[in-house]
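Notes to accompany the following structure.
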Amino acid sequence: MSVIRTEKHDDVLVIVADNPPVNALGAKVRQGLVDGIEQALGDDTVKAVVIRCDGRTFFAGADITEFGKAPVGPNLGEALDKMEASDKPVVAAIHGTALGGGCEVALACHYRVAVTSARLGLPEVKLGLIPGAAGTQRLPRVVGVANALPMVVKGDPISATKALEIGLIDRIVGAQTLAADAIAFAREQIGKPVPRSSAGTAQQDAVRDPSIFDTFRQQNARGLRGFEAPEAAIQAVKASTEGSYADGVKRERELFVKLMSGTQSAAMRHYFFAERAANKIDNVDAATPLIPVNKVGVIGAGTMGGGIAMNFLSAGIPVTIVEMQQDALDRGTGVMRRNYENSAKRGRMTGEQVEAAMGILQPTLNYGDLADCDLVIEAVFESMDIKKEVFAKLDGIVKQGAILASNTSYLDIDEIASATRRPEFVVGLHFFSPANVMKLLEMVRGAKTSDAVLLTCMALAKKIGKIAVVAGNCPGFIGNRMLTPRQQQAQALIMEGANYWDVDDVLVDFGFPMGPFQMGDLAGNDVGWHRDPSRVETVREALCAAGRFGQKAGKGWYDYDEARNRTPSDETRAIIADFASKAGKPQRSFTKDEIRERLLYPMVNEGAKILAEGKAQRASDIDVVWINGYGWPLFTGGPMFWADTVGLDTVVAGLERHGLPVDESLRSRAAAGERFSN
Ligand code: 3H9
């Protein structure tokens with residue numbers, strides 16, 4: 001079947017794409033577009049052209065599966081230039097998402113109309129790229145540099161309303177009447193000179209304020225740190241203000257080609273498919289009916305429970321939240337309301353939405369109120385005895401057929417399930433703090449967890465905007481299990497003489513938002529501390545005994561000034577030195593490379609073990625966990641993809657050099673020259 005067809009509506013030729021699932025601009029689609037335009041140009045009875053798509057969306061971009069392969073068929077940029085050169089008006093009729101190459105198609109059209117729900121954007125930076133079909137040159141000419149910069153450099157799509165406001169689209173049309181409205185709009189343009197978005201130079205606002213590029217760089221430095229594509233995107237947009245369209249396109253191409261052949265783009269494309277693969281659950285019957293989830297129960301209204309509850313409330317699912325004491329319940333629901341109100345202040349939601357969310361929250365001290373919930377998630381203290389007690393109680397109260405989930409981050413889900421008479425309905429749902437913000441959800445599959453429960457939780461995760469990854473039952477699952485060797489190495493390194501700030505800096509330089517000691521100071525070193533200053537067995541206990549609780553105390557591992565700038569502390573150094581000398585640890589200096597290897601290679605080793613034991617379904621799932629739950633830098637593709645780029649033989653050799661264990665599965669994979677990713 002052809003992916004492009006044309007329909008003649010009197011004097012308007014409509015070019016229709018139908019390339020499910022997202023109308024990606026693969027070779028056949030590009031060829032079809034070229035043929036369609038040629039048909040329109042060669043037919044004197046055609047006076048105007050409309051381009052639209054069947055299915056759920058306008059073109060969602062270039063076909064990413066073609067990247068890295070030899071080019072086939074017409075080049076998109078040239079096809080679009082030909083289209084734009086037409087004297088017959090060409091109108092893009094947009095629904096769904098016009099993204100990347102799809103947005104570039106729309107930009108090359110002379111006019112754009114869209115339905116209200118449409119979104120337009122250039123998300124190439126999220127794949128480590130920049131637009132490669134003149135998007136960086138046409139967009140600033142159409143909407144100005146100030147509007148174009150965030151779209152090209154950050155890659156977030158904008159709504160049709162915003163697109164209309166900045167001049168990216170010309171008219172909003174009816175959702176049910178898009179095709180007819182676009183034809184009517186095209187007819188209105190017949191006989192008028194066509195506007196071409198490659199015309200002139202995009203100078204307006206850049207001339208008024210030539211520092212626009214530097215200002216943008218500074219304002220966004222934090223979010224863009226470590227990524228190569230955003231800087232290339234800035235340079236490409238800048239080129240649109242400096243010379244001819246042809247020069248700008250040439251510059252864009254150079255930058256695009258360089259990024260396309262680089263490691264960051266390969267890593268980010270890997271991640272794109274990894275995130276989608278994570279949705280797929282091995283060894284389940286996909287036809288199993290889902291369990292309807294219309295009401296959720298949450299046990300515990302602390303930081304975690306409250307955050308978990310907010311996810312469901314925001315998605316319009318009523319929540320019953322249970323606490324032991326009225327004051328804890330009031331405190332918890334108060335925090336939830338404040339969080340919502342802060343979102344409203346930042347313009348992320350309306351006052352009505354705040355009330356709608358809080359209006360479907362039922363706070364209670366009575367477990368009995370959970371009886372009719374379809375899913376209950378407990379977020380109580382991390383102790384096996386307490387969890388088992390809670391589950392036994394729930395088993396007696398909550399209706400049959402409901403899902404009972406634990407938010408445990410470490411404990412044995414099968415043992416928890418054994419406290420009930422319905423282990424097939426028990427699952428781990430490990431949210432990450434702050435649970436209303438963090439995207440990751442580790443879904444722990446117990447030995448008896450049913451297909452219906454797994455599939456329901458996966459679908460529910462999508463509904464509440466989470467990225468769920470299935471993990472097998474083992475201590476710490478995927479994420480925390482791999483964190484353990486890193487933490488152990490961080491502690492071992494400082495006992496052997498490495499500076500603790502170097503350990504943090506190595507991870508920050510690598511691309512993590514912070515290192516383990518900064519993290520301790522942020523979270524509070526006294527979390528879980530026994531509060532007895534005379535009992536000092538670890539460095540952390542010694543820090544607490546000295547009142548070095550972290551940022552909130554103005555001192556922790558580091559000393560902090562009023563602006564929370566950190567400097568290494570002499571007192572902390574002395575505490576570490578004292579521990580090291582009592583343990584008789586010889587001291588030496590460490591290079592940053594050595595520190596990085598000691599911290600990260602053991603994580604890869606643990607990842608290999610997790611994979612070999614079948615506790616992760618695929619290596620890319622591990623990457624998804626670490627990128628979304630622990631700040632592993634996206635531009636490296638996650639720990640397993642990163643290990644591939646380093647070379648597994650290099651990782652094995654490094655572990656051996658540092659006297660660290662090497663799992664047999666990693667060793668044999670390296671010896672066979674295999675990678676974790678395909
Ligand atoms: C680009 O355009 C470069 C140009 O400037 C250069 C030109 C020279 N290609 O996400 P979903 C697959 S770069 C191939 O689950 P949703 C996806 O893998 C591109 N495949 O659906 C999945 O497959 P499966 C710039 C693609 O409704 C299926 O479609 N564009 C592509 O949640 C469904 O996807 C982008 O970066 C693609 N471009 O979200 C947009 N897109 O079923 C990328 C999707 O086998 N796409 N697939 O797992 C998206 O952001 C979302 O897919 C979209 C739909 C919002 C469109």
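Based on Cβ point charges of +1 for Lys and Arg and -1 for Asp and Glu, what charge dipole magnitude is obtained for segment 236-334 about its Cα centre, in debye rounded to the nearest 20?
Approximately 440 debye in magnitude.
Which whole number in µm²/s is D for segment 335-417 by Stokes-Einstein, with the Kirkwood Rh taken over Cα pairs at 4 °C and 1.567 mPa s?
87 µm²/s
Zone of residue 574 (label point 7 Å along Cα→Cβ, backbone N under 14 Å): which residues in segment 527-565?
543, 546-548
Collect residues whose amide H, placed 1.01 Å from N in the peptide plane, falls under 5 Å from the amide H of residue 133; neighbours closer than 5 in sequence don't count.
When sequence neighbours closer than 5 places are left aside, there are no close amide H contacts.
Which FRET efficiency value, to the nearest 0.05, is calculated for residue 219 and residue 400 with the Förster distance at 60 angstrom and r the Cβ-Cβ distance?
Here the calculated transfer efficiency is 0.65.
Considering only Cα-Cα distances, which of the following residue pairs are longer than 23 Å: 162/462; 154/280; 126/462; 28/154?
162/462; 154/280; 28/154
With the Cα gyration tensor of segment 250-324 in hand, convert its eigenvalues to equivalent ellipsoid semi-axes via √(5λ) and list them largest first in whole Å.
For segment 250-324, the ellipsoid semi-axes come out as 42, 20, 11 Å.
May I ask you to work out the translational diffusion coefficient for segment 1-142 at 10 °C, viscosity 1.306 mPa s, via Stokes-Einstein with Rh from the Kirkwood sum over Cα pairs, reported in whole µm²/s?
It comes out at roughly 106 µm²/s.
Please work out whether segment 4-260 counts as rounded, prolate or oblate from its C-alpha gyration tensor, where a ≥ b ≥ c are the square roots of the eigenvalues and a/c under 1.5 means rounded, while otherwise a/b larger than b/c means prolate and anything else oblate?
In terms of gyration-tensor shape, prolate.
Suppose each label sits 7 Å from its Cα in the direction of the beta carbon; what would the residue 613-residue 488 distance come out to in nanometres?
The answer from the label model is 1.2 nm.
Per DSSP H run of n ≥ 4, the term is -39500 (n - 2.57); total these for the chain, divide by its residue number, and report the mean residue ellipticity at 222 nm rounded to 500 deg cm²/dmol.
The per-residue figure over the chain is -14500 deg cm²/dmol.
Please list the non-local residues whose amide H lies under 5 Å from the amide H of residue 550, H modeled 1.01 Å from N, same-chain partners needing a gap of 5 or more.
It is 525, 555, 556, by chain and number.
Of the DSSP beta bridges with both residues in the chain, give the percent that are antiparallel, rounding to the nearest 5.
Antiparallel: roughly 30 percent of the beta bridges in the chain.
Give me the distance in nm between label points sitting 7 Å out from Cα along the Cα-to-Cβ direction at residue 348 and residue 567, one decimal.
Those two pseudo-labels are separated by 3.5 nm.
Across segment 592-671, what fraction of all alpha-carbon pairs, as a whole percent, falls in each successive 5 Å bin from zero upward?
Calculated over all Cα pairs of segment 592-671, the distribution is 3, 16, 28, 27, 18, 7, 1 percent.
What list of ³J(HN,Hα) couplings, whole Hz, do you get for segment 51-58 from phi and the Karplus terms 6.51, -1.76, 1.60, once you set θ to phi - 60° and write x for glycine and proline?
Once rounded to whole Hz, the list reads 10, 9, 10, 7, x, 7, 7, 5.
Antiparallel DSSP bridges in segment 1-96: what percent, to the nearest 5?
Given both bridge residues lie in segment 1-96, the antiparallel proportion sits at roughly 40 percent.
Take the eigenvalues of the Cα gyration tensor for segment 463-609, scale each by 5, and report the square roots as semi-axes in whole Å, largest first.
26, 20, 17
Quick one: length gained pulling residue 664 to residue 276 fully straight, 0.36 nm per residue minus the C-alpha distance?
Roughly 136.7 nm would be gained on extension.
In the P(r) worked out for the chain, what percent of Cα pairs fall beyond 48 Å?
24 percent
Treating segment 296-473 as a set of equal point scatterers at the Cα positions, no solvent, please give the Debye-formula log₁₀ I(q)/I(0) at q = 0.10, 0.17, 0.18 Å⁻¹.
Those come out to -0.34, -1.02, -1.14, one per q.
Identify, among 262, 294, 350, the residue whose Cα sits farthest towards the positive end of the charge dipole of segment 243-384, taking +1 on the Cβ of Lys and Arg and -1 on the Cβ of Asp and Glu, with the dipole about the Cα centre.
Comparing the listed Cα positions along the dipole, 262 ranks first.
Under a crude label model (7 Å from the Cα following the beta-carbon direction), how far is residue 424 from residue 536 in nanometres?
5.7 nm
Can you pull the Kirkwood radius for segment 497-582, inverse mean 1/r over Cα pairs, to one decimal in Å?
13.1 Å
Amide H of residue 220: which non-local residues (sequence gap of 5 or more, or other chain) have their own amide H closer than 5 Å, using H built in the peptide plane?
none
Placing +1 on the Cβ of each Lys and Arg and -1 on the Cβ of each Asp and Glu in the chain, which of 569, 226, 125 has its Cα farthest towards the positive end of the resulting dipole?
125
Kirkwood hydrodynamic radius of segment 129-181 from all distinct Cα pairs, in Å?
12.2 Å
Return the Rg/Rh value of segment 219-370, two decimal places, where both radii are evaluated on C-alpha atoms and Rh is the Kirkwood radius.
Here the Rg-to-Rh quotient is 1.19.
Rule-based calculations on the coordinates, nothing more; no lab input. A quick note: this is a predicted structure, and the numbers were derived from the prediction, not measured. Glycine also receives a Cβ, built like all others from the backbone with ideal geometry; neighbour counts cover every protein chain displayed.
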